[in-house]
Amino acid sequence: MTDSGPLRLAVIVGSTRKGRFGPTAAAWFAAQARKRRDLEVDLVDLAEARLPDTLRDHDETLPDQVRALGPRLGAADAFAVVTPEYNRSFPAPLKTAIDWFYDEWRAKPVTFVAYGRESGGLHATAHLREIFAELHAVAIRGAVSLPCYWEQYASDGTWPKATATCNTTVKTVLDELTWWAHALRDARTRRPFTH
């Protein structure tokens, strides 16, 4: 038996830096996802989650912040990680957030909304793909890349410009992400992932 209800998509804002662009990009992506009837969106801002920087030992009690975020990630059928690129990689708070959890990521698809200078965050997503593979998540091929994202504002201050490539890319990415989310949710229902 498969679950035919809406898919639960967690959109994760991976930067906690002051003046960050992450919430803007995440709000745009979440708005695109909410246009679809097959998706329910949970916007997770790591700056608000305030996860501890120091990971616990296996025999220590989980901090309250980790216990609060865990069920939200566990309930997700898919993830969209919104990340800047700092020094050819992604921010440390995002790595800490990933490392606090394990079961929550397994056998679920992940896409990326990456932004930066000319590379558009592609170095950051390359590193994230390796990490999520280690956690038995499926980093899908499709992702949104935003090179020189500050140039994609319209003159009235809205983001992104109507002509920005991301406006067409996002549909393809969401189509691919939902396909994988349905396939993996069905598979987890039929045969729980135990690795």
Name every residue in the range 161-195 that is hydrophobic (A, V, I, L, M, F, W, C), open to solvent by 80 Å² or more (accessible area, probe 1.4 Å) and either part of a helix (DSSP H, G or I) or at positive phi (or both), in order of residue number.
Trp179, Trp180
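Conditions (1) under 16 Å from the mean Cα position of the chain (by Cα); (2) at pLDDT 95 or above, marked per residue:
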{"position": "Ala124", "(1), (2)": "yes, yes"}
{"position": "Phe132", "(1), (2)": "yes, yes"}
{"position": "Ile140", "(1), (2)": "yes, yes"}
{"position": "Ala154", "(1), (2)": "no, no"}
{"position": "Val173", "(1), (2)": "yes, yes"}
{"position": "Leu177", "(1), (2)": "yes, yes"}
{"position": "Ala181", "(1), (2)": "yes, yes"}
{"position": "Leu184", "(1), (2)": "no, yes"}
Sort out which residues of the range 118-151 are in a loop (DSSP other than H, G, I, E, B) and touching a strand residue (DSSP E or B) at 6+ places or on another chain (Cβ under 7 Å), and write them in order of number.
Glu118, Ser119, Gly120, Gly121, Ala137, Ile140, Gly142, Ala143
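Would you pick out the residues in the range 64-109 that are of a type in the set (A, V, I, L, M), free of Cβ contacts under 8 Å to residues at least 60 places away in the same chain and open to solvent by 30 Å² or more (accessible area, probe 1.4 Å)?
Ala68, Ala92
Open to solvent by less than 10 Å² (accessible area, probe 1.4 Å) and either of a type in the set (S, T, N, Q) or more than 18 Å from Thr24 (Cα to Cα) (or both), is that true of Phe112?
Details: open to solvent by less than 10 Å² (accessible area, probe 1.4 Å): yes; either of a type in the set (S, T, N, Q) or more than 18 Å from Thr24 (Cα to Cα) (or both): no.
No; evaluated as a whole, the condition is false for this residue.
Can you name every residue in the range 72-120 that is among the polar types (S, T, N, Q) and under 28 Å from Thr165 (Cα atoms)?
Restricting attention to the range 72-120, the residues satisfying the condition of being among the polar types (S, T, N, Q) are 83, 87, 89, 96, 111, 119.
Within the range 72-120, Thr83, Asn87, Ser89, Thr111, Ser119 qualify.
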Only one residue in Thr111, Thr158, Thr163, Thr125 is under 19 Å from Ala76 (Cα atoms) and among the polar types (S, T, N, Q). Which one?
Thr111
Whether any residue in the range 13-30 is closer than 22 Å to Glu134 by Cα, in contact with a Gly (Cβ under 8 Å, 6 or more places away or on another chain) and surrounded by fewer than 22 Cβ atoms within 10 Å (Cβ to Cβ) is what I want to check.
no
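Residue check: is Thr61 among the β-branched types (Val, Ile, Thr), crowded, with 21+ Cβ neighbours inside 10 Å and either out of contact with any Ser or Thr (no Cβ under 7 Å at 6 or more places or on another chain) or in contact (Cβ under 8 Å) with a residue 40 or more places away in the chain (or both)?
Working: among the β-branched types (Val, Ile, Thr): yes; crowded, with 21+ Cβ neighbours inside 10 Å: no; either out of contact with any Ser or Thr (no Cβ under 7 Å at 6 or more places or on another chain) or in contact (Cβ under 8 Å) with a residue 40 or more places away in the chain (or both): yes.
In short, no.
The values are calculated or read from the model by the stated rules, or taken from the named source; none is laboratory data. Source: prediction; values computed, not measured. So basically every Cβ, Gly included, is an ideal-geometry build from the backbone, and we count neighbours across all protein chains shown. Note: accessible area is taken over every heavy atom of the protein model, side chains too, but ligands, DNA and RNA are not part of it. Shrake-Rupley method; radii C 1.70, N 1.55, O 1.52, S 1.80 Å.
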